[in-house]
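Here is the structure we will look at, set down as structure tokens.
The values are calculated or read from the model by the stated rules, or taken from the named source; none is laboratory data. As the structure is a computational prediction, the values presented were derived from the model and not from experiment. Ideal geometry is used to build each Cβ from the backbone, glycine not excepted, and the neighbour counts take in all protein chains shown.
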Amino acid sequence: MSRRKTGNVIIKIISFLLVLALLGAGIAVIYRYVKKSEDPTEASETFYLEYDGEKLPGGESEMSFETGAEATFEVKFIDLEDEAQDYSVKVFPNEKEYFQYSVGDRYYEWQPFDKTEDLSSVFGLKKEATSFTLSVPAWACVNTVLSSLYPGEEIFVSDPSVLDDKPLYRLVVSSNDQAAAYVINFSVTGERFSIELDKEHIVFA
């Protein structure tokens, strides 16, 4: 075999390998995009969270907060030159901790719906440009949370003390394109002050 033919064979082999490498890279990009679309809790590439000086892992996790406590999360943007930096943060019911409750003669399931669609105001959620703070009420338990949403109505929950030990609440932090980056299911622990609610007043006992 002449040197020219040998050179042509080598060029063809190298070209073939380059095509395979490009195809592999393309498939990897497509797979990553599809996987991220299927799993909205995959870590964000635009920002990450820090809590108590530590970087939080992306995806879904669990935490617990004491009654009456304030928890501040720092939002760290990766691309500091991105002028469109923004995020959203809300608190929802964690529907994985399924239970039913009644309000008067009406029955509901613990999931984002109607008055429980957004629990951010219950937990005093305050959003700033690069941080947000969660304020856990001193009275926070499943009965009082529901009573604050349905003031003046009779609430019934079976075994509320058992439920209070579970992560009933879901903190969701989303990137500016609304792709969820962090999902923190959290429980509320500690001593609770009792309150009495009516249509116009909240009385602490």
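Highlighted here are the strands (runs of 3 or more DSSP E) found entirely within segment 119-189 that include at least 1 residues which are closer than 29 Å to residue 58 by Cα: 131-135, 169-175, 180-189.
Any residue that is surrounded by 11 or more Cβ atoms within 10 Å (Cβ to Cβ), of a type in the set (Gly, Ala, Ser) and modelled with pLDDT of 70 or more - is there at least one of those in segment 70-83? Yes, segment 70-83 contains a residue that is surrounded by 11 or more Cβ atoms within 10 Å (Cβ to Cβ), of a type in the set (Gly, Ala, Ser) and modelled with pLDDT of 70 or more.
Could you say whether any residue in segment 78-100 is in contact with a Phe, Trp or Tyr (Cβ under 6 Å, 6 or more places away or on another chain), touching a residue at least 60 places away in the same chain (Cβ under 8 Å), of a type in the set (Val, Ile, Thr) and part of a loop (DSSP other than H, G, I, E, B)? The answer is no, given that none of the residues of segment 78-100 is in contact with a Phe, Trp or Tyr (Cβ under 6 Å, 6 or more places away or on another chain), touching a residue at least 60 places away in the same chain (Cβ under 8 Å), of a type in the set (Val, Ile, Thr) and part of a loop (DSSP other than H, G, I, E, B). Considering only segment 67-120, how many residues are touching a strand residue (DSSP E or B) at 6+ places or on another chain (Cβ under 6 Å) and among the acidic types (Asp, Glu)? Summing the residues that are touching a strand residue (DSSP E or B) at 6+ places or on another chain (Cβ under 6 Å) and among the acidic types (Asp, Glu) in segment 67-120 gives 4. Of the set (1) without any contact (Cβ under 8 Å) to a residue 40 or more places away in the chain; (2) surrounded by 15 or more Cβ atoms within 10 Å (Cβ to Cβ), all apply to residue 107 but (2). In segment 100-113 there is no residue matching the filter, namely being under 19 Å from residue 171 (Cα atoms), in the same structural domain as residue 182 (by TED's automatic domain parsing) and among the aliphatic types (A, V, I, L, M).
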